[in-house]
Amino acid sequence: MHESIQDCITAINRLRKERRAVILAHTYQPAEVQDIADYVDDSYGLSAKAAAVKDADLIVFCGVQFMAETAAILNPGRKVIMPDPSAGCPMADMITAEKLRAFKAKHPGAPVVCYVNSTAEVKAESDICCTSANAVKIVKSLGDAPEIIFVPDQFLGKFVEKQLGRRLLLWEGCCPIHHNLGSDCIARMKAEYPDAKVMVHPETPPDAQAAADYILSTGQMIELVKNTKDKRFLVGTEDGIIHALRKAAPHCDFILISPTLRCPNMKKTTLPKIRQALASGETVISVDPLIAAKAKKAIDAMLEVSRRP
Ligand code: SF4
């Protein structure tokens with residue numbers, strides 16, 4: 001039987017009340033998913049929201065696995081489900097706990113900072129997590145530690161190195177979506193739109209960052225455009241952000257720098273899958289309690305440093 005989008009939204013709205021569910025969506029999710037979510041935010045914002053959920057029994061996480069795992073770790077009293085639990089993150093899979101242990105063994109005593117885009121097992125092997133919004137502050141909080149391990153995103157790590165003027169021990173992982181954005185592509189778009197400001201995510205390579213006016217997390221991009229006097233932006237991050245940016249600043253023109261900036265995993269969530277997940281309550285994301293307890297220490301350490309002035 002054919003079901004219209006409106007029928008699907010009506011069913012989701014009925015089920016979310018019956019199930020006492022809260023729907024969280026990352027800013028890279030499809031526009032229609034962002035529109036039905038209770039909260040739309042970046043990884044850090046969603047981590048904080050997940051930790052604060054009290055008046056719901058169920059968290060429906062529209063994003064990728066590591067994000068839903070983080071929500072489950074931070075809120076063990078709530079059931080966390082994903083509309084499509086096969087939505088993974090290739091960058092998170094570029095390092096395993098075993099590989100990280102071997103890296104640590106070569107640098108005894110070096111604290112480990114792990115980007116939140118990592119598995120629960122890798123977080124459990126780390127001292128503190130970070131997001132793209134707070135990575136500089138987190139590394140800075142480690143003071144003058146002679147060696148600091150930073151995993152898994154080498155480009156976010158290089159961004160932090162540049163901001164702090166120090167070297168880190170970087171893992172050679174990257175986001176395959178942001179990795180392809182080069183300064184040549186930015187130059188071509190700048191020639192076409194000379195009046196536009198360029199903003200890119202710190203997961204992009206250093207040459208793309210060097211060609212940009214702003215290097216920002218998705219949450220920081222949204223904050224910037226809310227108060228901007230600029231009229232047009234070339235955007236160098238995953239294309240779901242365009243919808244969130246247009247909602248935040250309808251008076252501005254946002255142009256994706258390259259059509260390759262589209263993460264297939266982020267696009268696995270659909271309205272019918274959300275309705276199905278709410279109806280069945282299946283596709284639960286769970287983390288081994290011992291791993292979760294260790295990973296939570298690294299996430300809590302990040303949240304504590306982030307709250308500092
Ligand atoms: S955009 Fe990149 S880092 Fe984000 S989920 Fe997709 S592959 Fe992972």
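The values are calculated or read from the model by the stated rules, or taken from the named source; none is laboratory data. Quantities reported herein were computed from a predicted structural model and do not represent experimental measurements. Neighbour counts are summed over all protein chains in view; Cβ atoms, including those assigned to glycine, are modelled from backbone coordinates with ideal geometry. Heads up: the accessible areas ignore ligands, DNA and RNA and are worked out on the full protein's heavy atoms, side chains in. Shrake-Rupley method; radii C 1.70, N 1.55, O 1.52, S 1.80 Å.
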**OP:** Output the number of the condition that ALA277 fails; it satisfies all remaining conditions of (1) within 16 Å of the ligand (Cβ to nearest atom); (2) surrounded by 22 or more Cβ atoms within 10 Å (Cβ to Cβ).
**Re:** (1)
**OP:** With respect to LYS158, determine if the residue is out of contact with any Cys (no Cβ under 9 Å at 6 or more places or on another chain) and farther than 23 Å from ALA210 by Cβ.
**Re:** no
Original post:
Inside region 280-307, can you point out the residues that are over 27 Å from VAL139 (Cα atoms) and away from the ligand (no atom under 16 Å from the Cβ)?
Top reply: SER280, GLY281, GLU282, THR283, VAL284, SER286, ASP288, PRO289
Subject >> Unique residue being within 16 Å of the ligand (Cβ to nearest atom), in contact with a Leu (Cβ under 9 Å, 6 or more places away or on another chain) and charged (D, E, K, R) when the list is ASP127, ASP153 >> reply: ASP153
Subject >> Of all residues making up region 54-106, the number that are assigned to a strand (DSSP E or B) and surrounded by fewer than 19 Cβ atoms within 10 Å (Cβ to Cβ) >> reply: 1
Original post:
Filtering region 171-198 down to residues that are within 16 Å of the ligand (Cβ to nearest atom) and hydrophobic (A, V, I, L, M, F, W, C), which residue is most open to solvent (accessible area, probe 1.4 Å)?
Top reply: TRP171
**OP:** Identify, by number, the condition in (1) in contact with a His (Cβ under 8 Å, 6 or more places away or on another chain); (2) among the acidic types (Asp, Glu); (3) over 25 Å from GLU172 (Cβ atoms) that ASP42 doesn't meet.
**Re:** (3)
Original post:
Do we have ALA92 as within 12 Å of the ligand (Cβ to nearest atom), touching a residue at least 24 places away in the same chain (Cβ under 8 Å) and small (Gly, Ala, Ser) here?
Top reply: yes
Original post:
For LEU181, are the conditions met, namely being in contact (Cβ under 8 Å) with a residue 24 or more places away in the chain and either out of contact with any Ser or Thr (no Cβ under 8 Å at 6 or more places or on another chain) or among the basic types (Lys, Arg) (or both)?
Top reply: no
**OP:** Kindly state which helices (runs of 4 or more DSSP H) lie completely within region 162-265 and contain at least 2 residues that are under 20 Å from the mean Cα position of the chain (by Cα).
**Re:** 206-210, 218-226, 240-248
Original post:
Taking the condition of a type outside the set (A, V, I, L, M) and within 16 Å of the ligand (Cβ to nearest atom), does TYR44 pass?
Top reply: yes
Original post:
Is it fair to say LYS140 is in contact (Cβ under 8 Å) with a residue 24 or more places away in the chain, within 24 Å of VAL64 (Cβ to Cβ) and not assigned by TED's automatic domain parsing to the domain that holds THR70?
Top reply: no
Subject >> Hits in region 107-125 - residues which are closer than 20 Å to ARG167 by Cα and in a loop (DSSP other than H, G, I, E, B) >> reply: HIS107, PRO108, GLY109, ALA110, PRO111
Subject >> In region 219-244, the residues that are crowded, with 20+ Cβ neighbours inside 10 Å and among the hydroxyl-bearing types (Ser, Thr, Tyr) >> reply: THR237
